[in-house]
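The values are calculated or read from the model by the stated rules, or taken from the named source; none is laboratory data. Just so we're clear, the structure is a prediction, and the values are computed from it rather than from any experiment. Positions of Cβ are generated from backbone atoms using ideal geometry, with glycine treated the same way; all protein chains shown enter the neighbour counts.
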């Protein structure tokens with residue numbers, strides 16, 4: 001067996017925030033799973049927040065190959081452009097990986113750069129995120145994104161849809177882009193009915209059936225459209241379905257709460273903030289349907305997590321959602337509230353259809369794992385620094 005040299009890989013952990021979000025979760029899961037499979041390389045994890053560095057130092061202390069590093073620059077700090085590059089040189093890194101598009105452009109020539117691009121929403125659809133800084137400073141964002149992907153030695157995307165966007169909108173060569181799907185943690189699984197019911201009802205304060213949404217409240221998520229469709233679905237019903245919206249409230253986007261008041265749905269709609277991961281698994285399990293009617297998604301984790309828990313899903317026909325869900329869910333036009341309401345009603349009232357989609361969803365979800373994400377990412381690292389090496393060498397056993 002060929003003895004591969006020990007490499008130093010930097011990962012920008014500044015994308016992990018106290019309120020864990022999509023990119024933060026991907027970053028955390030990638031690091032954890034790389035540590036589980038890679039027995040050779042050293043990983044230097046760049047943190048800005050001292051509290052988070054301490055938290056994850058304790059979590060990862062079992063692995064001597066993980067080295068949390070404190071830096072005094074936030075992600076978008078101009079000083080970080082020089083500072084991170086200088087620190088990468090001091091550490092003699094072989095690779096620096098930003099798990100979101102923003103790369104230090106002045107990395108030393110000997111450091112291979114990897115950038116993950118999850119989606120191009122602010123670039124393609126700035127009106128979807130009207131109050132985000134990436135929209136308000138659109139020309140600057142386009143310049144930074146363009147320079148980052150051009151500086152990168154390899155760009156990772158989380159779907160073929162985003163890969164096509166990078167080629168079409170930024171002219172990036174196809175051969176420079178690798179698609180690595182996000183994964184699902186093993187904790188997302190069907191639970192015993194009693195345990196799921198107890199945990200979900202403790203969080204919700206009720207035990208009845210509900211429609212579930214997980215995510216942010218930015219306009220592109222189309223939560224307002226979901227609420228309007230839910231209102232149409234309720235008309236003439238004698239049961240009492242509820243809609244549960246789980247996501248951190250964003251004062252920039254108050255439209256969802258305003259729409260609930262406008263349609264007099266306050267007794268039927270529940271807003272959940274601060275859901276722990278264990279609670280989220282139980283909530284997925286107890287939900288009758290998970291709906292994600294986004295106008296665009298670079299990947300879309302909630303439908304995959306719901307399917308892994310045995311919950312049928314309805315998703316929009318936009319972005320990467322059809323690619324991720326495949327034939328395991330119902331796919332609708334998110335801008336047609338009547339069609340969405342009809343799909344909800346059909347699935348809500350048909351136990352046979354729910355059972356069929358449950359089986360398909362469980363099978364589809366088994367195709368995704370964070371271990372697989374880590375193995376494919378590690379293969380890319382090795383291709384960059386040891387292009388002639390066998391990518392299967394020196395990994396630990398599969399979990």
Considering only residues of the stretch 247-270 that are touching a strand residue (DSSP E or B) at 6+ places or on another chain (Cβ under 9 Å) and more than 19 Å from residue 337 (Cβ to Cβ), which is surrounded by the fewest Cβ atoms within 10 Å (Cβ to Cβ)?
-> 267
Specify which of the listed residues (58, 7) is over 25 Å from the mean Cα position of the chain (by Cα) and over 20 Å from residue 184 (Cα atoms).
-> 7
Quick one: residue 387 ticks every box in (1) touching a residue at least 12 places away in the same chain (Cβ under 8 Å); (2) part of a loop (DSSP other than H, G, I, E, B) bar one, so which box is it?
-> (1)
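When the stretch 273-301 is examined, which residues are found to be in a helix (DSSP H, G or I), farther than 12 Å from residue 191 by Cβ and modelled with pLDDT of 95 or more?
Step one: list which residues in the stretch 273-301 are in a helix (DSSP H, G or I), which gives 277-286, 301.
Cutting the leftovers down to farther than 12 Å from residue 191 by Cβ gives us 277, 301.
The answer is none; no residue qualifies.
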If you take the residues in the stretch 346-378 that are in contact with a strand residue (DSSP E or B) (Cβ under 9 Å, 6 or more places away or on another chain) and over 17 Å from residue 185 (Cα atoms), which one is surrounded by the most Cβ atoms within 10 Å (Cβ to Cβ)?
-> 357
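Working only within the stretch 308-318, note down all residues that are more than 14 Å from residue 181 (Cβ to Cβ), outside any strand (DSSP E or B) and in contact with a helix residue (DSSP H, G or I) (Cβ under 6 Å, 6 or more places away or on another chain).
Of everything in the stretch 308-318, those that are more than 14 Å from residue 181 (Cβ to Cβ), outside any strand (DSSP E or B) and in contact with a helix residue (DSSP H, G or I) (Cβ under 6 Å, 6 or more places away or on another chain) turn out to be 309, 310, 311, 312.
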